[in-house]
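Peer 1: Handing you a structure now.
The values are calculated or read from the model by the stated rules, or taken from the named source; none is laboratory data. Here the structure is a predicted model, which means the values were calculated and not measured. Every residue, glycine among them, receives a Cβ derived from its backbone with ideal geometry; neighbour counts consider all protein chains shown.
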Amino acid sequence: MASPAADGSTLGAPTVEQLDELAGSAPLVAIDGLVAGYGKMQVLHGITLRVARGQSLCLIGPNGAGKSTVLHSIYGLTDIASGRITVAGADVTRLPVNRRLQDAGIAYLLQDNSVFPDMTVEENLWMGGYLLARPEQARQRAEQVLAKYEPLRLRRKERAAVLSGGERRLLEISRALIMDPDVLLVDEPSIGLEPRFIDMVFAILRGLQRNDGKTIVLVEQNARKGLEFADKEKLFIHPKLMQLLAHDGNRVDPYAP
């Protein structure tokens with residue numbers, strides 16, 4: 001593993017060519033030299049990474065390492081000082097949030113509970129299509145999602161407030177699918193869930209990747225689940241020092257000569 005220099009920078013950082021190779025030389029999401037944060041507080045200091053189409057990347061590490069800030073930056077929720085973010089070759093660095101979903105196909109699943117508790121399950125799904133040209137499109141896509149996920153279909157007329165934690169998480173994932181995004185940014189999907197629901201959520205995410213070709217960038221506090229799920233992991237040891245791991249847990253050291 002690379003060692004930090006006296007000034008906190010990383011020695012022998014991976015080259016863009018090495019990252020492209022790890023992403024199969026055809027990245028869907030590419031971040032280059034990203035410096036970003038909130039207001040005057042910089043959290044990311046020159047992050048570069050690649051994620052291929054249909055690939056899953058899990059960011060794991062201690063609190064404060066900048067994992068969620070990577071997701072926030074991809075979705076347009078941070079102040080970017082420098083660097084570049086592209087999706088399918090298009091520069092989205094300065095693109096407004098609504099256009100990242102509508103034009104770039106990026107959806108973000110919040111860490112916190114984000115369902116509308118007083119709306120029914122199907123009404124929550126309709127809200128996922130608020131950027132579509134016609135309300136009928138959102139309803140049609142909601143029916144497709146309900147046909148896919150029986151737990152939601154059986155409770156479609158019930159208020160979201162009565163759902164279990166796992167069912168709420170399924171609803172949040174399903175609502176994000178209404179816009180048919182290419183990229184899913186998923187922040188701490190297991191947080192606050194019972195073990196049986198954690199398994200369910202990761203099975204759903206795995207199905208979206210394998211069967212629907214979704215590209216998933218995930219932040220996960222449960223390192224074991226994150227390592228089991230992802231094709232590739234980026235371990236945030238320090239905001240300026242990271243290590244790439246292979247899906248089977250064997251190290252892929254981009255810092256090696």
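Peer 1: Could you list, in sequence order, the residues of the stretch 92-111 that are part of a strand (DSSP E or B) and in contact with a Phe, Trp or Tyr (Cβ under 7 Å, 6 or more places away or on another chain)? Step through it out loud before you land on a result.
Peer 2: First, pick out the residues of the stretch 92-111 that are part of a strand (DSSP E or B): 106-109.
Passing the criteria: Ile106, Tyr108.
Peer 1: A further question follows. Identify all residues within the stretch 58-91 that are closer than 15 Å to Leu109 by Cβ and in a strand (DSSP E or B); write none if there are none.
Peer 2: Cys58, Leu59, listed by residue number.
Peer 1: Just to be sure, is Asp103 without any contact (Cβ under 8 Å) to a residue 40 or more places away in the chain and closer than 19 Å to Leu177 by Cβ? Working first, answer last.
Peer 2: Working: without any contact (Cβ under 8 Å) to a residue 40 or more places away in the chain: yes; closer than 19 Å to Leu177 by Cβ: yes.
In short, yes.
Peer 1: Additional query: Kindly provide the set of residues from the stretch 30-46 that are within 18 Å of Thr15 (Cβ to Cβ) and either within 16 Å of the chain's Cα centre (by Cα) or crowded, with 23+ Cβ neighbours inside 10 Å (or both), ordered by number.
Peer 2: Ala30, Ile31, Leu34
Peer 1: Ok, one more. Just give me the residues in the stretch 48-65 being touching a Leu at 6+ places or on another chain (Cβ under 6 Å) and without any contact (Cβ under 8 Å) to a residue 40 or more places away in the chain, in sequence order.
Peer 2: Arg50
Yes/no matrix, rows are residues, columns are (1) on the phi > 0 side of the Ramachandran plot; (2) more than 22 Å from the chain's Cα centre (by Cα); (3) modelled with pLDDT of 95 or more; (4) of a type in the set (S, T, N, Q):
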{"residue": "Val87", "(1), (2), (3), (4)": "no, no, yes, no"}
{"residue": "Thr93", "(1), (2), (3), (4)": "no, no, yes, yes"}
{"residue": "Trp126", "(1), (2), (3), (4)": "no, no, yes, no"}
{"residue": "Gln144", "(1), (2), (3), (4)": "no, yes, yes, yes"}
{"residue": "Ala160", "(1), (2), (3), (4)": "no, yes, yes, no"}
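Peer 1: Being surrounded by 16 or more Cβ atoms within 10 Å (Cβ to Cβ) and polar (S, T, N, Q) is the filter; apply it to the stretch 47-81 and report the residue that is farthest from Leu101 (Cα to Cα).
Peer 2: Among those residues, the one meeting the criterion is Thr48.
Peer 1: Check off (1) surrounded by fewer than 20 Cβ atoms within 10 Å (Cβ to Cβ); (2) farther than 17 Å from Leu57 by Cα; (3) touching a Ser or Thr at 6+ places or on another chain (Cβ under 8 Å) for Ser164 and give me the number that stays unchecked.
Peer 2: (3)
Peer 1: Go through the stretch 99-127 and count every residue that is within 18 Å of Ala161 (Cβ to Cβ) and either surrounded by 13 or more Cβ atoms within 10 Å (Cβ to Cβ) or in contact with a strand residue (DSSP E or B) (Cβ under 8 Å, 6 or more places away or on another chain) (or both).
Peer 2: Going through the stretch 99-127, the residues within 18 Å of Ala161 (Cβ to Cβ) turn out to be 110, 112-127.
When the remaining residues are screened for being either surrounded by 13 or more Cβ atoms within 10 Å (Cβ to Cβ) or in contact with a strand residue (DSSP E or B) (Cβ under 8 Å, 6 or more places away or on another chain) (or both), the result is 110, 113-127.
Final tally of qualifying residues: 16.
Peer 1: Please go through the stretch 29-54 and give me each residue that is of a type outside the set (Ser, Thr, Tyr) and in contact with a helix residue (DSSP H, G or I) (Cβ under 8 Å, 6 or more places away or on another chain), ordered by number. Break it down stepwise before answering.
Peer 2: Going through the stretch 29-54, the residues of a type outside the set (Ser, Thr, Tyr) turn out to be 29-37, 39-47, 49-54.
Residues satisfying the conditions are Val29, Ile31, Asp32, Leu34, Ala36, Gly37, Val43, Leu44, Ile47, Leu49, Arg50, Gly54.
Peer 1: Does the stretch 112-147 hold any residues that are under 19 Å from Leu208 (Cα atoms) and part of a loop (DSSP other than H, G, I, E, B), and which are they?
Peer 2: Gly128, Gly129, listed by residue number.
Peer 1: Also, I was wondering about something else. Within the stretch 104-126, can you find the residues that are of a type outside the set (Asp, Glu), farther than 21 Å from Arg155 by Cβ and out of contact with any Asp or Glu (no Cβ under 7 Å at 6 or more places or on another chain)?
Peer 2: The answer is Ala104, Ile106, Ala107, Tyr108.
Peer 1: Could I ask something else about it? Being closer than 30 Å to Val16 by Cα, at pLDDT 85 or above and not aliphatic (A, V, I, L, M) is the requirement here; does Glu172 meet it? Quick ask: steps written out before the conclusion?
Peer 2: Values: closer than 30 Å to Val16 by Cα: no; at pLDDT 85 or above: yes; not aliphatic (A, V, I, L, M): yes.
No, not satisfied.
Peer 1: Taking the stretch 179-227 on its own, how many of its residues are in a loop (DSSP other than H, G, I, E, B) and of a type in the set (A, V, I, L, M, F, W, C)?
Peer 2: Taking the stretch 179-227 first, the residues in a loop (DSSP other than H, G, I, E, B) are 179-182, 188-194, 211-214, 220-222.
Cutting the leftovers down to of a type in the set (A, V, I, L, M, F, W, C) gives us 179, 191, 193.
Of the residues in that region, 3 qualify.
Peer 1: While we're on this one: Please determine whether any residue of the stretch 215-237 is in contact with a Phe, Trp or Tyr (Cβ under 7 Å, 6 or more places away or on another chain), closer than 19 Å to Ile173 by Cα, surrounded by fewer than 19 Cβ atoms within 10 Å (Cβ to Cβ) and modelled with pLDDT of 85 or more.
Peer 2: no
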